[in-house]
Amino acid sequence: MFSNLRSLWIVFLHLFRKRETVEYPEEKTELPARWRGRIVLTRDPDYEERCVGCYLCAAACPVDCISLQATEDENGRRYPEFFRINFSRCIFCGYCEEACPTYAIQLIPDFEMAEYDRQNLVYEKEDLLIEGQGKYHGYNFYKEAGVDFGVKKKGEGENENKPVDVRKLMP
Amino acid sequence: MNEGVLHTLVAFGILVVLLTIAAGLIWLERRLLALWQDRYGPNRVGPFGLFQVMADMIKIFFKEDWIPGFADKKVFVIAPAMLVITILMSFAIVPFTPEIMVVDLNIGILFFLAMSSLGAYSVVLGGWSSNNKYSLLGAIRGAAQMISYEVFMGMSLMGVVIMAGSLNMTDIVIAQKKMWFIIPQFIGFVIFFIGGVAEAHRLPFDIVEAESELIAGYHSEYSGLKFGLFFVGEYLGITLISALITTLFFGGWLGFGFLPPVFWFLLKTFAFIMVFILLRAALPRPRYDQLMSLGWKILLPLSLLNLLVTGAIVLYFQ
């Protein structure tokens, strides 16, 4: 009996507590930097596309919402011909970001992507590709590794030694 | 304007106000529950979310009004109407002020008890006619709960009747001019309050509905307007019990001079409605057998004792 009255009183006191509710459209929460929201394709510091069309993201995707077609430019550098994410299927698991070898595909803290028409949730490459580098700054895959695709000459990459002249390699 | 027309107008006005209050309570309850759970509750539709009720009404009007094929159709339709009718009938004897009341019956309390007994039929018939085992379980519980709580709810009021020397509600209010009956009849008040919560089958005594056990109990099969009637009936029931507590134990319209009597009445009633909602926010539902044993083993002897002592004291001082 007494405990009932006590709980009545305690619940009544909640009238004067601070509300937990965030009144969303007017008042927005700050999302953590690692929040897994909208998926973007980023560019490297030289404003070129980071994506090399390796299909790893599409393979990692558990709901098969990523579809792309790789192609090459005149230097032999690979890039996606089209890159399509169906956000009506996407579950925002972030596996594509984990799979990506070049930091091209990234999930950013933004969830406000509701649409009235389901078809509008299919994002094409021009919708996905952003102007900046996303969460990972200063990284350029072609500077780190790979052969000459018009980005750097052989042996000029970061952390890369000059090529060895095998004919002078004497014991 | 002659007497008859005025009286009809007053009765009609009371009806409109009651239904508005009952509908508004849906909003009030949601807001208050939210506040007690550190939320805001519905605050989007209109100022403070007041039009939420209207939105709900529109929604419920457009819902499919479906009668299950296996139900007993006539009884199924009558049951929700019965609940609302009996409760509205009970309001006839509530004196809001000396002027604003539907009928000044000299058997006022008896009439209320009769009507609330009839209200039990609505629950029982609703559950029975749904032809659904959960509804039937709810109805069985409802029958047991409402009939047994009826007994000592009536008993607890007899103390008030002895002190006022009348069953008439107006006389009872006037008898409280010196002292509200809450003080001499505190036990009676507690028992009546508990019985009232059980009678309105409100939480924590919503054994009849018990969402977690019986889906929605006796009204599982109801939808659309018929469900709406049960819903409004529940809030009317809360209002009725609060109004009666106000009248019988808290001096009805009596108050201090600076406010009109009807305002005092509404103030007290709303305070009790809020207590009802607070009960819902704070207390868990007892088990069915706990409810019954509380009723028969504690409340009934207490109410008899209260009756005995009150009677003895009144006789002694005569």
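The values are calculated or read from the model by the stated rules, or taken from the named source; none is laboratory data. Quick caveat, the model's predicted, so the values are computed rather than measured. Positions of Cβ are backbone-derived with ideal geometry, glycine not excepted, and every protein chain shown enters the neighbour counts.
Numbers below:
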item	result
Residue pairs meeting the criteria (Cβ under 7 Å; at least 6 apart or on separate chains; first under 20 Å from B:E234 (Cβ atoms), in region B:137-156; second among the hydroxyl-bearing types (S, T, Y))	B:G138/B:Y218; B:A139/B:Y218; B:R141/B:Y288; B:G142/B:Y218; B:E150/B:S116; B:E150/B:S117
Residue among A:V40, A:V22 that is farther than 30 Å from B:L299 by Cα, more than 25 Å from the chain's Cα centre (by Cα) and among the aliphatic types (A, V, I, L, M)	A:V22
Restricting region B:170-196 to residues that are without any contact (Cβ under 8 Å) to a residue 60 or more places away in the chain and touching a Leu at 6+ places or on another chain (Cβ under 8 Å), the residue that is nearest to B:L248 (Cα to Cα)	B:F192
Exclusive hit being of a type outside the set (S, T, N, Q), within 14 Å of another protein chain (Cβ to nearest Cβ) and either loosely packed, with under 15 Cβ neighbours inside 10 Å or within 30 Å of B:L283 (Cβ to Cβ) (or both), set A:E74, A:E81, A:E27, A:E98	A:E27
Test for B:Y288: is it touching a Lys or Arg at 6+ places or on another chain (Cβ under 7 Å) and more than 14 Å from every other protein chain (Cβ to nearest Cβ)	yes
Among the candidates A:Y142, A:Y136, residue that is in contact (Cβ under 8 Å) with a residue 40 or more places away in the chain, surrounded by 13 or more Cβ atoms within 10 Å (Cβ to Cβ) and farther than 18 Å from A:R34 by Cβ	A:Y142
Answer residue from region B:37-51, given it is part of a helix (DSSP H, G or I) and surrounded by fewer than 16 Cβ atoms within 10 Å (Cβ to Cβ) and is nearest to the other protein chains (Cβ to nearest Cβ) among those	B:F48
Any chance B:T246 is within 30 Å of B:G311 (Cβ to Cβ), touching a Lys or Arg at 6+ places or on another chain (Cβ under 7 Å), of a type in the set (V, I, T) and surrounded by 18 or more Cβ atoms within 10 Å (Cβ to Cβ)	yes
Some residue of region A:30-43 being over 17 Å from A:K135 (Cβ atoms), part of a loop (DSSP other than H, G, I, E, B) and more than 14 Å from chain B (Cβ to nearest Cβ)	no
Residues (facing another protein chain (nearest Cβ under 7 Å) and under 30 Å from A:M113 (Cβ atoms)) located in region A:5-22	A:R19, A:E20, A:T21
Of the criteria (1) within 14 Å of another protein chain (Cβ to nearest Cβ); (2) surrounded by 10 or more Cβ atoms within 10 Å (Cβ to Cβ), which one A:F2 fails	(2)
Flag if A:G157 is within 13 Å of the chain's Cα centre (by Cα) and either among the aliphatic types (A, V, I, L, M) or buried (at least 17 other Cβ atoms within 10 Å of the Cβ) (or both)	no
Test: residue in region B:9-24 that is away from every other protein chain (no Cβ under 14 Å), surrounded by 20 or more Cβ atoms within 10 Å (Cβ to Cβ) and not hydroxyl-bearing (S, T, Y)	yes
Residue match in region B:94-109 (condition: in a loop (DSSP other than H, G, I, E, B), closer than 20 Å to B:A200 by Cα and among the small types (G, A, S))	no
Matching residues in region B:68-89 - criterion: being touching a residue at least 40 places away in the same chain (Cβ under 8 Å) and not in a helix (DSSP H, G or I)	B:P68, B:F70, B:A71, B:D72
Qualifying residue in region A:129-147 (condition: touching a helix residue (DSSP H, G or I) at 6+ places or on another chain (Cβ under 7 Å) and at pLDDT below 90)	no
Output for region A:83-141, where each listed residue is among the charged types (D, E, K, R) and part of a loop (DSSP other than H, G, I, E, B)	A:R89, A:D110, A:E112, A:E115, A:D117, A:E124, A:E131, A:K135
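To keep it simple, each residue is scored yes or no on (1) in contact with a helix residue (DSSP H, G or I) (Cβ under 8 Å, 6 or more places away or on another chain); (2) surrounded by 14 or more Cβ atoms within 10 Å (Cβ to Cβ); (3) more than 27 Å from A:W9 (Cα to Cα).
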residue	(1), (2), (3)
B:F270	yes, yes, no
B:F276	yes, yes, no
B:A282	yes, yes, no
B:L291	yes, yes, no
B:P301	no, no, yes
B:L307	yes, yes, yes
B:L315	no, no, yes
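Per-residue answers, yes or no, for (1) among the small types (G, A, S); (2) within 14 Å of another protein chain (Cβ to nearest Cβ):
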residue	(1), (2)
B:L35	no, yes
B:K74	no, no
B:L88	no, no
B:V103	no, no
B:F111	no, no
B:A114	yes, no
